Amino acid sequence: MCGIVGYVGSKQAQDVVMEGLRRLEYRGYDSAGIAVVSDGALHIRKKAGKLANLIELLDQDPLPQSTTGMGHTRWATHGPPNDRNAHPHLSYVGKVAVVHNGIIENFAALRSSLESRGIDLASDTDTEVVAHLVQDAFDEIAPDHETRLREAVRRVCARLEGAFTLVISHADAPGTIIGARRNSPLVAGLGDGEYFLGSDVSAFIAHTREAIELGQDQICEINAERGITVIGFDGGEIELTGYTIDWDDAAAEKGGYDWFMLKEIAEQPAVVADTLRGRLTDTGDIVLDEVRLSDEDFRDITKIFIIACGTSSYAGMIAKYAIEHWTRIPCEVELASEFRYRDPVLDRTTLVIAISQSGETMDTLMALRHAKDQHARILAICNTIGSTIPRESDAVLYTRAGVEIAVASTKAFLAQIVACYLIALHLASVRGVKWGDEVAVIVDQLKAMPAAVEQVLDTMEPVRKLAREELADCAQVLFLGRHVGFPVALEGALKLKELAYMHAEGFAAGELKHGPIALVGDGTPVVVVCPSPLGRDTLHGKIVSNIQEVRARGAKTIVIAEAGDEEVTPYADHVIRVPHCPTLLAPLVTAVPLQVMACEIAAAKGLDVDQPRNLAKSVTVE
Ligand code: F6R
């Protein structure tokens, strides 16, 4: 949610900042802006709409040469997405420029105190107040103070409430950019005589792989001569903790595909394999990435809560089936945004599994903190190394999906499901519910899944044709599933809503007759995620009845069924075949055609597949 870049070094700041914004645009695309410091002045260009509009503006009205710059790509919170509200925002004398991600909750009070002094605010944003406050604080500090801008930002941060990442420059401080963070992401990059700030590492991956972690309530100064310095909001200096980014620059490029989403869908067999690789020993022990929990802790668990949002919560719903079946520990899945408000009952024997691709989702982070306050153990499943959610957890299992750029999650979803299976197996093994040989059988089944996903991907042409020719113009599409097929149905509907802006709903197939079946009319497309006939036969039999029920009411049925399942054929207008796999692992194959379908429908409608309207990749506000 909002992408931020800061740069000091020897290159042209405009080039570095614009390249960073291009890679961060998935975080928000309501407007974009850039500021550089040159000849004792700030120079700003900003424009509503996608980054392309800013690029056009820069072509018409180029910025002066500079080696100090910062930029922003916005997902609007305060104020509509127009030129005026685009970042950076300037202070009243035009000396301070600020870009911001998050929400400053006490901005109304700060704004009225500025207005009472006769300062006219030029925008509707909460961000602008920060520029004025930093201007004031800077002017109060002696001009010979070596870190005057940093100290001014520190004083202002102490007055701000809410969640924020700020990146700030001053016309009188060329060669310096200050970043500050509270509950919102910011990382620093360490190049050769050049330094970067970014909402995530993709902001500077083209220049360096060396990154510095920034914690909560910290301020980071990047200075062309002094390098990187980090202090706390209390002023105390903080030792730098660095890490090397292990994905390469090419991962952030489309690699010949029309859309990042297509590339990410195609990467799924490798992602499933990577997430499994080296993680389970023959005896069922799991190799977690960061563990601050003992086997004893795992043995003591009496209840599991999974907290997550959106697609990640559907991975959690799938996990629930595996966890309860394999471990016999009760498991609940909760939307993170609701969790803490209902006062859940937690204690030291509760394990809370927080699932997040970005590791920065504010709803999930706040739910996690609530659980921590109640002394629950926290295990994060996350795709972004060094992000806030894993850092605040007791143990972490990283999904190895690589950077996911398309706003709609695909490969991270499959990786999350795999990670959940691994955790469930580990719990089953540590608690003695499953023997080593039983775990080994499931591990072998998991190892066969990358090939099964590949097989699905190789047979997607009929799905694309169906999407283009029969679904793109429909008013609505319904999705049905049972057991693990239910969350897959929910995910299929979510993909279609967010990408193609179509009315789509996912239902537990058995629930349909309790109301939603009224939505089914002549020709209504109903996609059914069918369980394996080799699993529990009651499950398969029941869904075949559900297919007949909707068909009898005129539905056009599109059935995702296992190879060889002929029982569904008479009732299906279209059958999408997936290879046989064990019931609990089936979501890894049944979700894929639904991703392809949504992507193809959005493309057929001429929509932006990678950056759907109103969305952002990393949702850092509640
Ligand atoms: C949908 C999608 C979102 C995210 C949700 C949680 O395609 O991507 O629903 O799953 O915003 O995000 P993370 O996993 O980053 O916490």
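The values are calculated or read from the model by the stated rules, or taken from the named source; none is laboratory data. Values in this document were obtained by computation on a predicted structure and should not be read as measured data. Positions of Cβ are generated from backbone atoms using ideal geometry, with glycine treated the same way; all protein chains shown enter the neighbour counts. Ligands, DNA and RNA are excluded from the accessible area calculation, which covers all protein heavy atoms including side chains. Shrake-Rupley method; radii C 1.70, N 1.55, O 1.52, S 1.80 Å.
Okay, here's what the table says:
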| item | result |
| --- | --- |
| Residues of the stretch 324-339 classified as open to solvent by 70 Å² or more (accessible area, probe 1.4 Å) and closer than 28 Å to Glu622 by Cα, total | 3 |
| Residues satisfying the stated conditions in the stretch 593-619, i.e. within 15 Å of the ligand (Cβ to nearest atom) and either in contact with a strand residue (DSSP E or B) (Cβ under 8 Å, 6 or more places away or on another chain) or of a type in the set (Asp, Glu) (or both) | Leu594, Met597, Asp608, Asp610 |
| Number of the condition not met by Arg45 [criteria: (1) in contact (Cβ under 8 Å) with a residue 24 or more places away in the chain; (2) buried (at least 16 other Cβ atoms within 10 Å of the Cβ); (3) over 18 Å from Val129 (Cβ atoms)] | (1) |
| Answer residue from the stretch 531-552, given it is of a type outside the set (A, V, I, L, M) and touching a Ser or Thr at 6+ places or on another chain (Cβ under 8 Å) and is farthest from Arg482 (Cα to Cα) among those | Arg551 |
| Tally, over the stretch 199-224, of residues that are in a loop (DSSP other than H, G, I, E, B) and of a type in the set (Ser, Thr, Tyr) | 2 |
| Lys50 open to solvent by 10 Å² or more (accessible area, probe 1.4 Å) and either free of Cβ contacts under 8 Å to residues at least 24 places away in the same chain or within 21 Å of Val407 (Cβ to Cβ) (or both) | yes |
| Considering residues of the stretch 307-323 that are within 12 Å of the ligand (Cβ to nearest atom) and open to solvent by less than 10 Å² (accessible area, probe 1.4 Å) only, the residue farthest from Asp343 (Cα to Cα) | Ala315 |
| Residue within the stretch 76-88 that is open to solvent by 10 Å² or more (accessible area, probe 1.4 Å), aliphatic (A, V, I, L, M) and part of a helix (DSSP H, G or I) present | no |
| Every pair of residues 6+ apart whose Cβ atoms lie under 8 Å, when the first sits in the stretch 450-462 and is in the same structural domain as Ile601 (by TED's automatic domain parsing) while the second is surrounded by 13 or more Cβ atoms within 10 Å (Cβ to Cβ) and among the basic types (Lys, Arg) | Thr459/Arg577 |
| Subset of the stretch 52-79 [within 20 Å of Leu166 (Cα to Cα) and touching a strand residue (DSSP E or B) at 6+ places or on another chain (Cβ under 9 Å)] | Thr67, Thr68, Gly69, Met70, Gly71, His72, Thr73, Arg74, Trp75, Ala76, Thr77, His78 |
| Complete set of residues in the stretch 347-359 that are open to solvent by 20 Å² or more (accessible area, probe 1.4 Å) and either hydrophobic (A, V, I, L, M, F, W, C) or near the ligand (Cβ under 10 Å from one of its atoms) (or both) | Gln357 |
| Scan of the stretch 166-204 for residues that are in contact with a helix residue (DSSP H, G or I) (Cβ under 8 Å, 6 or more places away or on another chain), of a type outside the set (Asp, Glu), farther than 19 Å from Val37 by Cα and open to solvent by 10 Å² or more (accessible area, probe 1.4 Å), ordered by number | Arg182, Asn183, Val187 |
| In the stretch 324-346, the residues that are charged (D, E, K, R) and more than 15 Å from the ligand (Cβ to nearest atom) | Glu324, Arg328, Glu332, Arg340, Arg342, Asp343 |
| Residue among Tyr321, Tyr314 that is touching an Asp or Glu at 6+ places or on another chain (Cβ under 8 Å), outside the structural domain of Val592 (by TED's automatic domain parsing) and within 20 Å of Phe413 (Cβ to Cβ) | Tyr314 |
| Out of Ala572, Ala555, Ala509, Ala489, sole residue that is within 16 Å of the ligand (Cβ to nearest atom) and either touching a Lys or Arg at 6+ places or on another chain (Cβ under 9 Å) or open to solvent by less than 50 Å² (accessible area, probe 1.4 Å) (or both) | Ala489 |
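For every residue, the table says whether it meets (1) over 24 Å from Gly102 (Cβ atoms); (2) in contact (Cβ under 8 Å) with a residue 24 or more places away in the chain.
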residue	(1), (2)
Phe196	no, yes
Ala203	no, yes
Arg209	yes, yes
Ile219	no, yes
Ile231	no, yes
Gly256	yes, no
